[in-house]
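A quick write-up on the structure given underneath.
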There are 2 protein chains.
Amino acid sequence: MTMKAARLHAHGADFAEILRIEPLDLPPPGMNEVRIEMLAAPVNPADLNVIAGTYGRLPALPAVIGNEGAGRVIATGAGVTALHPGDLVAPTTGGTWCTQLNAAETDVIPLPAGIDPQQASMIAVNPPTAYAMLHDYAALEPGDWVVQNAANSGVGRCVIQIAKRLRLRTLNVVRRAELVDELLALGADRVVTEEVDLRKEGPSLTDGSRAKLALNGVGGASALNLANALADNAPLVTYGAMGRQPLKIPNGLIIFRGLSFLGFWLRKWLVEKPAVERQRIMALLAEMVRDGSLRVPVHRVFPLSDIHAAFREAQAESRGGKILIDPAA
Amino acid sequence: MTMKAARLHAHGADFAEILRIEPLDLPPPGMNEVRIEMLAAPVNPADLNVIAGTYGRLPALPAVIGNEGAGRVIATGAGVTALHPGDLVAPTTGGTWCTQLNAAETDVIPLPAGIDPQQASMIAVNPPTAYAMLHDYAALEPGDWVVQNAANSGVGRCVIQIAKRLRLRTLNVVRRAELVDELLALGADRVVTEEVDLRKEGPSLTDGSRAKLALNGVGGASALNLANALADNAPLVTYGAMGRQPLKIPNGLIIFRGLSFLGFWLRKWLVEKPAVERQRIMALLAEMVRDGSLRVPVHRVFPLSDIHAAFREAQAESRGGKILIDPAA
C-alpha cells in the first residue's frame, strides 16, 4: 500500500525546497513488527536542527523525519504478542511525519487506553529528558530546589510537572514576564525573568537554601546565572542551547565551588539505560499524561499537507505551545 | 622562645609593604603537638593568590603564610606517640614560611628517613593533586592516554611522573618548545606546544585513540584544545587557571559528546578523603620522592630574609623550576 510522508532531501534553510510530502510504498508489517496509523506528531527543536544539519546525529538522505508521535496499531506481523490492533502506541525510531509506518514491537512505547493522542505524541522526548535529568545527576530529597532556564519550553514544563510529582521545588527562569502566572498555575514554585541576578537574589527566592541541581536549555549568560544559584558541589546539566552561545564558566565556580558541568542527550540515555528501567519510567510518564498531571499546551495543529506552514510557525520566537502535525487530517 | 616568620598584613600587589619578616613568640608544643624546625618551604602559585587576595579561602590577617614545607621534629608535647625528635615531617596546616612551628601530630605527613628535605618540602600540594586527578575522575587502564596543559608546572611534572608509575600515557601541552626534550626525559610520552590543534592532531599523537582524561591548569582556549582531544564521555578536570581566562565550552561537546567539566581543589580533597586512604597515598608519594622517581627541579633557594626577592623571582614568567625558601640559611 501507499502512505504519505514528509521527506527531507537536503540540509539547509529553505525547507520549502528540501522537505517534500511524497507518496511512499509501505510493505506489510514484517516479523515482530506492527503497522501504526499515525494520529499526531509534534515539531521539536531537534527536528529544526536536523533539517538545518546542525544536530549531533543526522539521517542518511532522503529520509522521512520527525522523531516523535502517537498512533494506533492497525495490523500486526508474525511473532507480535503484546500488541493488538486498536492499541495506542508511541513509536520511538523516528520518521513519524507520515500517515502510516511499520515499527518493531520493541521500538514502541505502549500507551494506556483513554490517553489523549495529541498529548501522547509528545511523550517520547521531553518527559523522559526531564525525568532523567531530575533523577540521574543528583541525589535529591523532597523539598530540594531545582533551578532551570527555558522554563516555558517543552522540557521546562515537563520539569515543573515531574518535579512536583517528585516533591521537588523549582525556581524557573523565563524570558517573558507574561509567562509567570501560567507557569505558577502549572505547579512552578518560583518564576523569574532572565534579568534577575540569581547570585544576588537566588537564596531569597529559595527560602535561604541553594539549588541542588541546575537544568540548562539556553547556554551563555543564562547558564552562568543558573550556576550562580547552585549550592557547592552541585551539577549544572545542559540539554539544549537555544541561545546558541557557549557555556562560559569562571574557573572559581569549578575549582573552589566544586560545580560540575555535564550534558544530557536523550539518544545516549536510550542506549545506556537498561530496557526494564526505561519501560518503568515511560509507564509512569504515560500514566501522568493520561491523568492530566503531565500536559503540554498545543499552539496549533496542522495537517501533514501544510508541513511548511507548520515549520514557519515552529520557528517563530513566541508561541503559546507546541506545533503538532495531524497526519489523519 | 622566639622564631622568625613571614607575616602577611594586607592583601595586595606591593608585597614589600604587606609581607614582613618578624620575630614571633612560639609556646612549647602542647598536648599531641610536635615542634618542627623548618628545613625548606616552596613558593606556590596558591601563595601568590593568597597574597593578592584572589584565593578561594583566605586567612585572617595578620597571618604567617606558606602552605607547604618540610622540617625535622625537635621536641614533642605530651601524648605524642608516633613521632620522635629527628623524624622528618611535612606539616599540612599552613604557615610554613618560618624557622620553627608547632603542629598537631595528626597535621603532619611522616617522611621516610633519607628523603631530600627540599624535594620533600613540595610533597603536600602538587603530588596528591596529580595523584587524585589521575585516580578519582576516570577508571583508567594501563596504556590509556591522559592529556594535560601546563605540563611544565609543578602539578604537570607530577602528573607525568605519577602517570608513568600507574602505566598511563601522557600527551603534554607546553607553551615553550624548549621544554619538550626536558619533559620527554622526565617520562612524558608526547609533548607538543599550545599551537598544535588537538582536534586535528590529537588522534595521530595518541596512536589513533583518544584521551580518557584531560587535566587543565590554564583555562580559556587551552582548555578547549584539551577537550577536543578527549574521547566521548570523558572528563576535563580543572585545577588551575594560569591563563586567567574562563572555560568556554561549545554546547555540542557537553550534549552530544558527553564530556564533563569538573574541578579539583586539594583543600576539599583533604577534607573529604578518608584519613586512612590519604595516608596510604602520601606514603606512596613519599616513597617516590625518596627513590627519586618523583622530583621537581629547583630553580633557586632563598634564605627567609630574602622573601621579597624570592617572590619577585616566583612571579617571573619563565623559570627552570620551583623557588624554595630555606629558613635555616
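The values are calculated or read from the model by the stated rules, or taken from the named source; none is laboratory data. Predicted model, so just to flag it, every value in this text is computed and none were measured. Positions of Cβ are backbone-derived with ideal geometry, glycine not excepted, and every protein chain shown enters the neighbour counts. What goes into the accessible areas is simple: the full protein's heavy atoms, side chains included, and nothing from ligands, DNA or RNA. Shrake-Rupley method; radii C 1.70, N 1.55, O 1.52, S 1.80 Å.
How high is the relative contact order of chain B, given as a whole-number percent (alpha carbon pairs under 8 Å, six or more residues apart)?
Numbers: 708 pairs, mean separation 53.8, N = 329.
The normalised contact order for chain B reaches 16 percent.
Step by step: find N for segment B:1-155, compute 2.2 N^0.38 Å, then divide the Cα radius of gyration by it. What's the final number? It would help to have the intermediate numbers written out before the result.
Values: Rg = 17.3 Å, N = 155, 2.2 N^0.38 = 15.0 Å.
Here the answer is 1.16, to two decimals.
Relative to the compact globular guide of 2.2 N^0.38 Å, what is the alpha carbon radius of gyration of segment A:126-267, as a ratio?
Numbers: Rg = 13.3 Å, N = 142, 2.2 N^0.38 = 14.5 Å.
Ratio of Rg to 2.2 N^0.38 Å for segment A:126-267: 0.92.
With all protein chains present, calculate the accessible area of A:M1 using a 1.4 Å probe and round the result to the nearest 10 Å².
110 Å²
Using R₀ = 25 Å, calculate the FRET efficiency as 1/(1 + (r/R₀)^6) where r is the Cβ-Cβ separation of A:D207 and A:A177; round to 0.05. Before the final figure, lay out the partial values.
Numbers: r = 22 Å, r/R0 = 0.89.
Calculated value: 0.65.
May I ask you to report, in nm to one decimal and beginning with the shortest, the distances from A:A75 to the same position in the other copies, taking label points 7 Å along Cα-to-Cβ?
Result for A:A75, in nm, nearest copy first: 9.7.
Relative to a virtual label point 7 Å from the Cα of B:L58 in the Cα→beta-carbon direction, which members of segment A:249-274 show backbone nitrogen distances below 20 Å?
Once the point is set 7 Å along Cα→Cβ of B:L58, A:250-258 turn out to lie under 20 Å by backbone N, inside segment A:249-274.
List the distances, in nm and shortest first, from the label point of A:A63 to the matching label points in every other copy, placing each point 7 Å from Cα along the Cα-to-Cβ direction.
Taking the point 7 Å beyond Cα along Cα→Cβ, the inter-copy spacings are 5.6 nm.
Rank B:A214, B:A177, B:A188 by mean-square fluctuation in a GNM of chain B with C-alpha springs under 10 angstrom and give only the top-ranked residue.
For chain B, modelled as a Gaussian network with Cα springs under 10 Å, the answer is B:A177.
Around A:E33, what is the net charge, scoring Lys/Arg as +1 and Asp/Glu as -1 over all other residues with Cβ under 10 Å from its Cβ?
Working: positive: A:R35; negative: A:E105, A:D107.
Its environment carries a net charge of -1.
Quick one: net charge around B:A234, please, counting Lys, Arg +1 and Asp, Glu -1 for every other residue with C-beta under 11 Å from its C-beta. If you can, show how the numbers build up before the last one.
On the way: positive: B:R210, B:K212, B:R257; negative: B:D144, B:D232.
For residues surrounding B:A234, the net value is +1.
Give me the accessible area of B:S260, 1.4 Å probe, in Å² rounded to the nearest 10.
The value for B:S260 is about 20 Å².
Is there a pair in A:K273/A:K322; A:K268/B:K200; A:K212/B:K164; A:K322/B:K200; A:K164/B:K212; A:K200/B:K322 whose C-alpha atoms are over 32 Å apart, and which pairs would that be? Please report the intermediate quantities before stating the final value.
Values: A:K273/A:K322 27 Å; A:K268/B:K200 25 Å; A:K212/B:K164 38 Å; A:K322/B:K200 40 Å; A:K164/B:K212 38 Å; A:K200/B:K322 40 Å.
As for pairs spanning more than 32 Å Cα to Cα, those are A:K212/B:K164; A:K322/B:K200; A:K164/B:K212; A:K200/B:K322.
Report the net charge of residues surrounding B:A46, where surrounding means a beta-carbon distance below 15 angstrom and charges are Lys +1, Arg +1, Asp -1, Glu -1. Don't skip to the answer; put the middle values down first.
Details: positive: B:R57, B:R244, B:R267, B:K268, B:K322; negative: B:D47, B:E68.
Here the count lands on +3.
Averaging over all projection directions, find the projected area of the Cα convex hull of the protein assembly as shown and quote it in nm² with one decimal place.
Numbers: hull surface 131.3 nm².
Mean projected area for the protein assembly as shown: 32.8 nm², to one decimal.
Can you tell me the relative contact order of segment A:126-267? Whole percent, Cα pairs under 8 Å, sequence separation 6 or more.
Numbers: 281 pairs, mean separation 32.5, N = 142.
Here the relative contact order equals 23 percent.
If amide hydrogens are placed 1.01 Å from N in the peptide plane, which non-local residues have theirs closer than 5 Å to the one on A:L247?
Those qualifying (amide H under 5 Å, at least 5 residues apart or on another chain) are A:G220, B:I249, B:N251.
Quick one: helix B:275-290 against the long Cα principal axis of chain B, what's the angle to the nearest 10°, folded into 0 to 90?
Value to nearest ten degrees: 90.
Which FRET efficiency value, to the nearest 0.05, is calculated for A:R165 and B:R167 with the Förster distance at 56 angstrom and r the Cβ-Cβ distance?
Using R0 = 56 Å, I get an efficiency of 0.70.
For A:T193 paired with A:I74, estimate the spin-label separation in nm (one decimal), with each label point 7 Å from Cα along the Cα-to-Cβ line.
Roughly 4.9 nm, to one decimal.
Would you mind getting me the FRET efficiency between A:T2 and A:T93? Use the beta-carbon distance for r and R0 = 22 Å, nearest 0.05.
Working: r = 20 Å, r/R0 = 0.93.
So, using R0 = 22 Å, E works out to roughly 0.60.
Per DSSP helix of 4 or more residues, -39500 (n - 2.57); summed, then divided by the residues of chain A. What does that give at 222 nm, rounded to the nearest 500? Could you put the intermediate results ahead of the total?
On the way: 12 runs with 100 residues, N = 329.
Taking each H run of at least 4 residues, the total per residue is -8500 deg cm²/dmol.
Any idea which of B:P27, B:N126, B:Q100 is furthest toward the positive side of the dipole for segment B:1-155, if Lys and Arg beta-carbons carry +1 and Asp and Glu beta-carbons -1?
B:P27
On a 0 to 90° scale, report how tilted helix B:154-165 is relative to the longest principal axis of chain B, with both axes built from alpha carbons and the result rounded to the nearest 10.
Compared with the principal axis, the helix lies near 70 degrees.
Ignoring ligands and nucleic acids, what accessible area does A:D232 show with a 1.4 Å probe (Å², nearest 10)?
90 Å²
Using square roots of five times the C-alpha gyration tensor eigenvalues, list the equivalent-ellipsoid semi-axes of chain B in whole Å, biggest first. Numbers along the way, then the final one.
Details: eigenvalues 256, 92, 62 Å².
Over the Cα atoms of chain B, the semi-axes work out to 36, 21, 18 Å.
Per residue of B:243-249, what is the mean number of Cβ atoms on other protein chains within 10 angstrom of that residue's Cβ? Mind showing how you got there, number by number?
Working: counts 1, 1, 3, 9, 9, 5, 9.
What the average comes to for B:243-249 is 5.
Which whole-number percentage describes the relative contact order of segment A:197-269, with Cα contacts under 8 Å and a sequence gap of 6 or more? Please report the intermediate quantities before stating the final value.
Working: 117 pairs, mean separation 22.6, N = 73.
31 percent.
B:F302's amide H: which non-local residues (gap 5+, or another chain) put their own amide H closer than 5 Å, with H modeled 1.01 Å from N in plane and none for Pro or chain starts?
Counting only residues 5 or more places away or on other chains, the set is B:L324, B:I325, B:D326.
Give a residue-ordered list of calculated ³J(HN,Hα) values for segment A:186-193 (Karplus: 6.51 cos²θ - 1.76 cosθ + 1.60, θ = phi - 60°; whole Hz; x for Gly, Pro).
6, x, 5, 7, 9, 9, 10, 8
Springs between alpha-carbon pairs under 10 angstrom, Gaussian network model over chain B: which of B:W269, B:W145, B:W97 fluctuates most?
B:W269
In B, who owns the beta-carbon nearest the axis carrying B over to A, and how many Å from it?
For the rotation taking chain B to chain A, the closest Cβ gives B:F261, 2.
In Å², and per residue, what accessible area does chain B have when probed at 1.4 Å with the other protein chains present?
Numbers: 13640 Å² over 329 residues.
Accessible area per residue, chain B: 41 Å².
Taking each label point as 7 Å beyond Cα in the direction of the beta carbon, state the distances from B:N49 to the same residue in the other copies, shortest first, in nm.
3.3
Check A:V192: other-chain or 5+ apart residues with amide H under 5 Å from its amide H, H built from backbone geometry?
Close amide H contacts, sequence-distant or interchain: A:N172, A:V173, A:V174.
Roughly to the nearest percent, how much of the accessible area of the protein assembly as shown is carbon and sulfur, given a 1.4 Å probe? Intermediate results must be reported in sequence, preceding the final value.
Numbers: 14080 of 27290 Å².
Ligands and nucleic acids excluded, carbon and sulfur give 52 percent.
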